[in-house]
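Worksheet for the structure shown next.
The values are calculated or read from the model by the stated rules, or taken from the named source; none is laboratory data. Source: prediction; values computed, not measured. All Cβ positions, even for glycine, are placed from backbone atoms using ideal geometry, and neighbour counts span all protein chains on display. The accessibility values were calculated without ligands, DNA or RNA, using every heavy atom of the protein model including side chains. Shrake-Rupley method; radii C 1.70, N 1.55, O 1.52, S 1.80 Å.
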Number of protein chains: 2
Amino acid sequence: MRKTDTKGKILDAAQDCIQRVGANAMSYQDISEAVGIQKASIHYHFATKERLIEALIDRYSERFFSLVQSIVESELSPETKLRRYGLLFEAMLSEGERGKVCLCGILGAELATLSPVAVDNIRRFFRENEKRLAEVLDEGRRQGVFQFEGDSRSMATLMFSLLEGAMLVVRADEGTQRFSAIMRQMIKLISA
Amino acid sequence: MRKTDTKGKILDAAQDCIQRVGANAMSYQDISEAVGIQKASIHYHFATKERLIEALIDRYSERFFSLVQSIVESELSPETKLRRYGLLFEAMLSEGERGKVCLCGILGAELATLSPVAVDNIRRFFRENEKRLAEVLDEGRRQGVFQFEGDSRSMATLMFSLLEGAMLVVRADEGTQRFSAIMRQMIKLISA
DNA sequence: GAAAATTAACCGATCAGTAGGTAGGTATAT
DNA sequence: ATATACCTACCTACTGATCGGTTAATTTTC
């Protein structure tokens, strides 16, 4: 274990910055100021900006799915699982002082400017989320607490798209409570 | 009327570029090459990049709401109106050769880097869309073809967020048909 | 209606600033 | 003494923006 985890601090600063302004507006200077390190020193830990972003997506995915998994595997009701899942996104909006959105959501908007590896991992993040969501939806349908036509996978894509989109839309007129309202409405729609 | 509408061509090029890669990744060089004009000449038509983006949002909003209005005011069924509305977004994904998303959607992701005027107009774009959507939802509920709990405004925010989010998510794994599937699923959810 | 003045629309050259990245050196710890 | 972790100094490329100047069209004046 390192005493001062500079590598981690760089990732922290980069993530904070990207979630607020996007990857193209994030610069090495921003990171160097936030971490208290020289610009050139970042290159010691991450050869290029592309690599830094790729590493960031990896860490973010890992952490996020760890949280998701603990929700999905819990003994909570399907409805509560969905609500908890939505809270993972909602928490970002109120985190810190400024409005952050999902890292992979904002990177999805800048997809065309990212490396193929990054694009792949973002795509995987999307798909994996849909998969976990589909599990919960299926569980709820089996228990008779959820009701909707079509396959659960389409429904999962719908819900995930909604959450990603809602972060961007809601952030535009500062209001976390609007986000939870949307999530509540969504759950009502599929409740039996 | 000008013979060669350079100002319009600049806006065309800028919009195409932003819808694909975002505002921060769009440069004056990109525009100059696309239009066939010198970089400096762009400044004759738009003093700064911020002004250019502001003008772009204005034109985009005007055009978009013109299309929306013709749908809302038509004699179509509420369900068809929603389907047509969704097609406005879907068309962008398949437009040109590359995947474009809603201009205001992608700018919403980069909101923190835009001018206050631009932010205001993007916010207005969002609200106005929700308003039009709410009208259609109300109409459908009065006619008994739509059914959902809560106020139509929350439902409208949900639908709009879904559409904006779905563009980003679907673009990540190239598939226009997935977008229409989401829209169909959404309409099913509120159909009586 | 011809000459003169003005404006619109653009270009070439250049600016200061910042981007990401590199080279080489230094201090520390094992 | 060798790798780790960082620094200073610098580089090239490109960013949006400004400059003075050019050309063609339009408007004004007589």
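Hey, among A:130, A:149, which residue is open to solvent by 40 Å² or more (accessible area, probe 1.4 Å), over 11 Å from residue A:72 (Cβ atoms), touching a helix residue (DSSP H, G or I) at 6+ places or on another chain (Cβ under 8 Å) and acidic (Asp, Glu)? Talk me through it step by step, then tell me what you get.
Details: A:130 fails: open to solvent by 40 Å² or more (accessible area, probe 1.4 Å).
The unique qualifying residue is A:149.
Pairing each residue of the stretch A:147-162 that is more than 7 Å from chain B (Cβ to nearest Cβ) with any residue that is assigned to a loop (DSSP other than H, G, I, E, B), provided the two are 6+ apart or on different chains, yields C-beta distances under 9 Å for A:147/A:192.
Pairing each residue of the stretch B:40-67 that is on the phi > 0 side of the Ramachandran plot and more than 10 Å from DNA strand D (Cβ to nearest atom) with any residue that is open to solvent by 80 Å² or more (accessible area, probe 1.4 Å) and of a type outside the set (Ser, Thr, Tyr), provided the two are 6+ apart or on different chains, yields no C-beta distance under 7 Å.
Looking across the stretch B:102-118, the residues that are in contact with an Asp or Glu (Cβ under 9 Å, 6 or more places away or on another chain), within 13 Å of another protein chain (Cβ to nearest Cβ) and in a helix (DSSP H, G or I) come down to B:104, B:105, B:106, B:108, B:109, B:118.
Listed conditions (1) away from chain A (no Cβ under 12 Å); (2) closer than 20 Å to residue A:167 by Cα are all met by residue B:126, apart from (1). Taking first residues from the stretch B:9-33 that are under 19 Å from residue B:167 (Cα atoms) and more than 11 Å from chain A (Cβ to nearest Cβ) and partners that are more than 11 Å from DNA strand D (Cβ to nearest atom) and in a helix (DSSP H, G or I), the Cβ contacts under 7 Å between residues at least 6 apart in sequence or on separate chains come to B:15/B:56; B:15/B:60; B:15/B:103. Does residue B:104 satisfy the criteria of being within 11 Å of DNA strand D (Cβ to nearest atom) and closer than 29 Å to residue B:172 by Cβ? For residue B:104, the condition - within 11 Å of DNA strand D (Cβ to nearest atom) and closer than 29 Å to residue B:172 by Cβ - is not met. Checked against (1) in contact (Cβ under 8 Å) with a residue 40 or more places away in the chain; (2) over 18 Å from residue B:21 (Cβ atoms); (3) away from chain A (no Cβ under 11 Å), residue B:121 passes all but condition (3).
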